1. Quick check: is even one residue across region 98-113 part of a strand (DSSP E or B) and aromatic (F, W, Y)?
2. Could you look through region 114-141, keep only residues that are touching a His at 6+ places or on another chain (Cβ under 7 Å) and either in a loop (DSSP other than H, G, I, E, B) or among the β-branched types (V, I, T) (or both), and pick out the one that is nearest to E45 (Cα to Cα)?
3. Given the structure, is R143 open to solvent by 50 Å² or more (accessible area, probe 1.4 Å), at pLDDT below 95, within 15 Å of the chain's Cα centre (by Cα) and among the charged types (D, E, K, R)?
4. Among S102, S88, which is the only one that is at pLDDT below 95 and polar (S, T, N, Q)?
5. Scan region 69-92 for residues that are open to solvent by less than 40 Å² (accessible area, probe 1.4 Å) and part of a strand (DSSP E or B) and jot them down.
6. Would you confirm, using the coordinates I've provided, whether E172 is touching a helix residue (DSSP H, G or I) at 6+ places or on another chain (Cβ under 9 Å), charged (D, E, K, R), surrounded by fewer than 19 Cβ atoms within 10 Å (Cβ to Cβ) and over 20 Å from G64 (Cβ atoms)?
7. Listed residues L27, L65, L52; which is farther than 13 Å from I132 by Cβ, open to solvent by less than 10 Å² (accessible area, probe 1.4 Å) and in contact with a strand residue (DSSP E or B) (Cβ under 7 Å, 6 or more places away or on another chain)?
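The values are calculated or read from the model by the stated rules, or taken from the named source; none is laboratory data. Only a predicted model underlies this, so the values are computations on that prediction, with no experimental measurement involved. Cβ coordinates were reconstructed from backbone atoms using ideal geometry, including for glycine residues, and neighbour counts include every protein chain displayed. All accessible areas refer to the heavy atoms of the entire protein, side chains included, with ligands and DNA or RNA removed. Shrake-Rupley method; radii C 1.70, N 1.55, O 1.52, S 1.80 Å.
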Amino acid sequence: MSMWVFGYGSLLWNPEFPVARREVATLKGYSRSFCMRSIHHRGTEENPGLVLALDAVMDGNCTGLALQVEPGHEEVTLAALRERELVSSAYLERFLDVEFTSGEVVEAVAYVIDPDHVQYCDLPLEEQAQIIARATGGRGPNRDYLFNTASHLSEIGLGDADLDWLSARVRELSQ
């Protein structure tokens, strides 16, 4: 049985595991948003950044990529994903159905936000831009994360209006 991973943020452009196949896919019941304060990868405890997370929303849909793990690499990939994504307990690992544009449905590992966790937030776009423009963490500037994700979504035909607005605003703030 194949292992699939749902990418909606940095996994789109930096999966860090061997990918056998990529398919545009939609996860129903969730939305992509900068609703997680990052205290490790894109910020610090003193100056948190923001990263994308899947936030449960009644009529939400998040379109991203289903990434099939190269056969034989499933166990090491899952361990690496857990080390990367579960660095704090803000993300919850779930195995959820995603649907390809062809209509095929597969189960994929996805990392969703725990809305009861202290790192969860729901901020206006301008406040998100202010935070993203100044934060830096262990994996670099928060703005690079935003720019890479927005550009990769556009490249695969999945532009996100909020991420595009944030990218333009963060560029303004960073000048």
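1. Within region 98-113, the first condition is being part of a strand (DSSP E or B), and the residues that meet it are 98-100, 105-113.
Right, trim to aromatic (F, W, Y) and you get 100, 111.
For region 98-113, residues part of a strand (DSSP E or B) and aromatic (F, W, Y): present.
2. Keep residues of region 114-141 that are touching a His at 6+ places or on another chain (Cβ under 7 Å), which gives 137-139.
Going one step further and asking which of them are either in a loop (DSSP other than H, G, I, E, B) or among the β-branched types (V, I, T) (or both), we end up with 138-139.
Working: G138: 11, R139: 14 Å.
Among them, the one singled out is G138.
3. On the way: open to solvent by 50 Å² or more (accessible area, probe 1.4 Å): yes; at pLDDT below 95: no; within 15 Å of the chain's Cα centre (by Cα): yes; among the charged types (D, E, K, R): yes.
No.
4. On the way: S102 fails: at pLDDT below 95.
Criteria check complete, one pass: S88.
5. The first filter runs over region 69-92 and keeps only residues open to solvent by less than 40 Å² (accessible area, probe 1.4 Å), leaving 69, 77-78, 81, 84-85, 88, 90-91.
Selection gives V69, Y91.
6. Working: touching a helix residue (DSSP H, G or I) at 6+ places or on another chain (Cβ under 9 Å): yes; charged (D, E, K, R): yes; surrounded by fewer than 19 Cβ atoms within 10 Å (Cβ to Cβ): yes; over 20 Å from G64 (Cβ atoms): yes.
Judged against the criteria, E172 is a match.
7. Details: L65 fails: open to solvent by less than 10 Å² (accessible area, probe 1.4 Å); L52 fails: farther than 13 Å from I132 by Cβ.
It is L27.
Quick grid of which residues meet (1) under 17 Å from C35 (Cα atoms); (2) of a type in the set (A, V, I, L, M):
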position	(1), (2)
D55	yes, no
D59	no, no
E75	no, no
R82	no, no
S88	yes, no
E99	no, no
V106	no, yes
C121	yes, no
